[in-house]
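The structure appears right after this line, and notes come after that.
The values are calculated or read from the model by the stated rules, or taken from the named source; none is laboratory data. This is a predicted model, so every value here is computed, not measured. Note that we place each Cβ from the backbone using ideal geometry, even for glycine, and neighbour counts take in every protein chain shown. Heads up: the accessible areas ignore ligands, DNA and RNA and are worked out on the full protein's heavy atoms, side chains in. Shrake-Rupley method; radii C 1.70, N 1.55, O 1.52, S 1.80 Å.
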Amino acid sequence: AQKITQTQPGMFVQEKEAVTLDCTYDTSDPSYGLFWYKQPSSGEMIFLIYQGSYDQQNATEGRYSLNFQKARKSANLVISASQLGDSAMYFCAMRGNQAGTALIFGKGTTLSVSS
Amino acid sequence: DSGVTQTPKHLITATGQRVTLRCSPRSGDLSVYWYQQSLDQGLQFLIQYYNGEERAKGNILERFSAQQFPDLHSELNLSSLELGDSALYFCASSVEGVLNQPQHFGDGTRLSIL
């Protein structure tokens, strides 16, 4: 069975600092995708970044990058130059490469950015 | 804006009642997923529809049912509501069969059972 583990319930960072949110996963699928979503206090789920299991390079999207270590089964999200608007809950999720495969989510990490 | 529309945004009702949550997927997306987010269970997959047909089931209670209509909008029906059904219900849509395509989420329906 697939499983996502996020061990940091809360993280605190100051503006302009970089922060790493941890995510480890477990799956027996040879092909899978890893996703990060942001959930602000308003409640919506915002897609941030994707990493495929066969991707050779770490994914990047603006200030977001994914530190993907396949052998360790980790997919940590790195946010560079934190902004106040980054304060939110962050979820790591994965899905296998089969039709009808839903996302499996971790429990999330609350990020608080202070000025 | 994700392009996924969910209505209503908020629902307040009583135990034993029945409610219907509605979702319109992004243009071109044939797959619709329903998720429940609660404090104790986190984000859980309920059910998926693809082009009108049920594709996969997750932790969906028998009191809950869903369907997807020919215009691809989907409805999640919750009946005999209990206090524990209070949660944020999300609909997400995606292009099926392409692993690197994310699921795009609606803003959710917050259901409160009194």
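Normalised by the number of residues in chain B, the average gap of Cα pairs under 8 Å and 6 or more apart makes the relative contact order 37 percent. Annotation for residue A:54 and residue B:77: the two label points, set 7 Å from Cα along the Cα-Cβ direction, are 4.2 nm apart. Between A:24, A:101, A:60, which gets the highest mean-square fluctuation from a Gaussian network model of chain A, Cα cutoff 10 Å? For chain A, modelled as a Gaussian network with Cα springs under 10 Å, the answer is A:101. Counting only protein chain heavy atoms and rolling a 1.4 Å probe, the accessible areas of A:50, A:32 rank, largest first, as A:50, A:32. Straight-line cross-link partners of residue A:70 among the lysines, defined as a Cα under 24 Å from its Cα and at least 8 positions apart when in the same chain: A:3, A:38, A:107.
A 1.4 Å probe over all protein chains sorts B:69, A:105, A:12 by accessible area into A:12, B:69, A:105, starting with the largest. The label point for residue A:42 and the one for residue A:14, both projected 7 Å from the Cα toward the Cβ, are 2.9 nm apart.
Max-minus-min Cα coordinates of chain A on each principal axis give 43, 28, 22 Å, with the largest extent listed first. Restricting region A:9-68 to GluC sites (Glu not before Pro) that sit in a DSSP loop and have at most 16 other Cβ atoms within 10 Å of their own Cβ leaves A:15, A:17.
Per residue, chain A exposes an accessible area of 48 Å² to a 1.4 Å probe, with every protein chain left in place.
Summed over both chains, the contact between B and A buries some 1700 Å² of accessible surface at a probe radius of 1.4 Å.
Across every pair of non-identical alpha carbons in chain B, the mean reciprocal distance, once inverted, gives a Kirkwood radius of 14.0 Å.
Normalised per residue, the accessible area of chain B is 48 Å², obtained with a 1.4 Å probe and no contribution from ligands, DNA or RNA. Based on C-alpha pairs under 8 angstrom that are at least 6 apart in sequence, chain A has a relative contact order of 37 percent.
Exposure check, 1.4 Å probe, all protein chains in place: residue B:11 carries approximately 40 Å² of accessible surface.
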